[in-house]
Amino acid sequence: MNNRGSLKSDVLWLGILAGLCLLIGVHQIRKAALVNPDGVFYISQAQQLAQDSTGVARRCPVGYPFVLWSAHEVATFFTGRDSTMLWLHSALGVTLLCRVLALIPLYFLGKLLVGGENSFWALLILIVLPYPAKYGGDVLREWPYVLFLSLGFWLLYWGLRRRQWWVLALVGLDAGLGYLIRPECVQLVLYALLGLAFLSIAGRRVRTVTLSGAGLLLVAGVLVPMAPYVYATGAIIPHPLRPSVSNAPPIISAIGSKAASDDPLEFEVREGEMLELPIKAADPDEDPLTFSVVGVPLGSRPVYEFWSPSSGDRFWMALESEKNLLLATYSPEVYRYGGIAFYAYTQPDARPGLLLVRRFWLPGQQRHFCTTSEAEVRAIVEESPKGSWNHEGIAFYAFGEDNRPPDTVPVYRFLSRENRYSWTVGDGTQRTEDRRQYRPLLSDSQSDVGRGTVVWYVHVGSEPPFGAVLEGGVFHWRPGPGQKGEYQVNIIVSDGELQSCQLVRIKVTGAPAQGRGADRVPFCAAQSAGLEKPPEAMRRIFAGVAEDLMVVFFVPWLLGLYWRLRYQAERTERVLIVAVVIVNVALMLWRHLGLGPGEDRRYALGMIALTIFYVPIGVEVMARWLNHDHPLPCPRWMPRGLPGLPWFYLLVAVGLVVCLPKLLMASPGNKVGYRAAAAWLQQNTQADDVLAVPDIRISFYAQRQGLFYVQYPNSRRADYVVMINDGEEGQIPLGWRREYSVMVDRRTRKTLVIYSTGRPKR
């Protein structure tokens, strides 16, 4: 191809490319019914950036949320108002702007590699490719990442060719800033070091001292934005690229025909009949689940325990919501979940003789204190310095010495020399972790010191009613003669570390039971997602690259890479481009093997953008081969010195025509029903209602708080549940009411149904 590198042609070609890219981007935004689910996450992080920048930085690389937040601030300045749609439109606009801006460094990089005309054709193809165009019309960080990656690679290649070592500082700075968008941008540092090492080995008359200084400039540049981020978050690899170490408790959605609730679920069965209660439960982390059941006294509730490995502080709570809040707020290094400590009561009239257990918090020493003694409460309130102790209210109700039932066990309290307290349940023996923190003082003058003092009595779990078993995720019980009465059991679902519970109250009668909840609902526990083997992962990776290139440009891309690097490229280009392909394939392979399959087309975009310039080279080689056997007449307006030019234009035109239908036509499976459901929810629900949704975009467009679920919704916290049905609605829990339904899209027969749970407002 002829390389016309004048400034005038550069401006003209860039103007054509930018205008076409902008038009296609606007069309992509208009035809899309929904943004990508990842886009909802990035917008939510941008919304939290001003209030909790450190927390956002720990959850994801902060660069892209900062870009979205900045665009929203600019939009708010001009509009003078704020809304969810303003966040969405400003995010779409700034992402499209990043795609347009990325064309500038890509064009000049292509001009250095293969010439201006080939660079123009390459970027024209890149603009028209449907999947890369889709990423520019969505709230995704792919094109902002490509902007920094291409800018840094262009500066690097230009600096190495011109021996302008000061440019390495800019390359490092660009890599550090790009790292805040996507950590993969740090690959620029590897290319720079590889290029410097190549110049040193190749003996290009460059002094080692000079190359070392260039390397130091590179490292200094990358550390300027990267070091503060690593210091603030405590992690070199931001969350999306490292396996999650957090763990969420299992979710119990329903027991039998009834949705899970913070209150006990009530069922009836008559003597001699079978009660079967399938358990719908799933784990957000897809851990395998185990099920167990224990018998507990009527009216009692599980009391959960947390303790601090650093301070030894131990405390309890009876509210499931407080337990989940602590698990979501604190890491195990701060407060570790200790499971169900015992069973107590949350209402003073649940049993006669109950004493209230108050809980206090001492911020200065980071410890809790629980007591049933009114004298100790007065001492804390009246004698302690003002503001030192915070009263956190009534934790639960327990029994004292005088009124304790025979099936209770004592809770002992221990005191250390530092006036720190420890508690233990049962036989009065301190736990191993408590003995490290609390050394008993063998004194007879203080009953609290040395041997533990009994402070109250509680229940522990017992065997379930005779004949009751839990097998295969289904609770079975056929009450026999003489078992008439009321029983309460606690169904426990565990992922091996955390637990969720559901209390079930069963009334056994001699008469036929009504509504006893023996509905048979298929049970399916969540299974761990298996990781792919290397051969399958490689197949998916190359399939993703081929899809990005719409298959029709995949062979020219491979051929152009081989031909250019084998016969035409200089050594620096060979080293860097081969490194780009190897590093990006390795990154995608690592993601597959370490984190599981993902959307390979998106992960391949960086490599495609940096190597798209070899597609015209491959097309040119194919055109020459075709022209050798089947020459085409050359029109007068075409240059006659280049053989195969008519074939080149024909092949490019055919490839572009293949791309146009997918690029311009709306997909029939764009899930327009999600938007219809979101509109109904926005108009017919309260602003503080909570939605359990199978796709977080539904609650985002409805502008309501959403609880995402994969298999079973968390009906304890949701006011409305959105479900996707495949033709049949299936069994729904008692008490739910169907409110609205709509087809998901024209491509499938799936129906999106909205139910109200009837959850009481708290």
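Values quoted throughout were computed directly from the atomic coordinates according to the rules given, and no laboratory measurement underlies them. If you're wondering where the values come from, they're calculated on a predicted model, not measured in any experiment. Counting neighbours? That spans all protein chains shown, and the Cβs are built from the backbone with ideal geometry, glycine included.
Between Gly339 and Glu305, the built amide H atoms are under 5 Å apart, and every one of these is 5 or more places off in sequence or on another chain.
Remark: Thr372, Thr95, Thr748, Thr329 ranked as Thr329, Thr748, Thr372, Thr95, counting other beta-carbon atoms within 10 Å and listing the fewest first. Phi-derived couplings, Karplus 6.51 cos²θ - 1.76 cosθ + 1.60 at θ = phi - 60°, listed residue by residue for the stretch 283-298: 10, x, 8, 6, 7, x, 10, 10, 10, 8, 9, 10, x, 9, x, 4 Hz, with x used for Gly and Pro.
A simple packing score, the average count of other Cβ atoms within 10 Å per residue, orders the peptides 116-123, 627-634 as 116-123, 627-634, with the highest score first.
Order 316-327, 63-74 from most to least packed using the mean count of other Cβ atoms within 10 Å.
63-74, 316-327
Classify the stretch 49-198 as rounded, prolate or oblate, taking a ≥ b ≥ c as the square roots of the eigenvalues of its Cα gyration tensor: rounded when a/c is under 1.5, otherwise prolate if a/b is larger than b/c and oblate if not. Judged from the Cα gyration tensor, the stretch 49-198 comes out oblate (a/c at least 1.5, b/c at or above a/b). Ranked by the mean number of other Cβ atoms within 10 Å per residue, highest first, peptides 223-231, 715-723 order as 715-723, 223-231. Hydrophobic, long helices, defined as DSSP H runs whose alpha-carbon span along the helix axis is 27 Å or greater and whose mean Kyte-Doolittle value is at least 1.0, occur in the chain at 7-31, 84-114, 208-233, 571-595, 645-664.
Amide H to amide H distances under 5 Å link Thr371 with Arg358, where only residues 5 or more positions off or on other chains count and H is placed in the peptide plane. Our coupling estimate for the stretch 252-263, obtained by passing each phi through the Karplus curve with A = 6.51, B = -1.76, C = 1.60 and θ = phi - 60°, is 9, 8, 7, 10, x, 9, 10, 5, 4, 8, 5, 8 Hz, Gly and Pro reported as x. With the helix formula -39500 (n - 2.57) applied to DSSP H stretches of n ≥ 4, the chain reaches a computed 222 nm mean residue ellipticity of -14000 deg cm²/dmol. Across the options Ala702, Val721, Thr685, the greatest Cα extent toward the positive end of the charge dipole of the stretch 672-756 (unit charges at beta carbon of Lys, Arg, Asp, Glu) belongs to Ala702. Calculated from the structure at hand, log10 I(q)/I(0) by the Debye sum over Cα atoms at q = 0.06, 0.08, 0.09 Å⁻¹ is found among (i) -0.52, -0.83, -0.98; (ii) -0.40, -0.70, -0.88; (iii) -0.60, -0.77, -0.85 as (i). Computed extension gain for Ser331 through Thr210, at 0.36 nm per residue and net of the alpha carbon distance, reaches 38.9 nm.
Under 5 Å from the amide H of Glu392 lie the amide H atoms of Arg359, Phe360, Trp361, each residue being 5 or more positions distant or on a separate chain, with H modelled from the backbone and absent for Pro and chain starts. Candidates Gly735, Ala122, Thr453 compared by Cα position along the dipole of the chain: farthest toward the positive end lies Ala122, with charges placed on Cβ.
Shape class for the stretch 672-756, computed from the alpha carbon gyration tensor (a ≥ b ≥ c): oblate, with a/c not under 1.5 and a/b at or below b/c.
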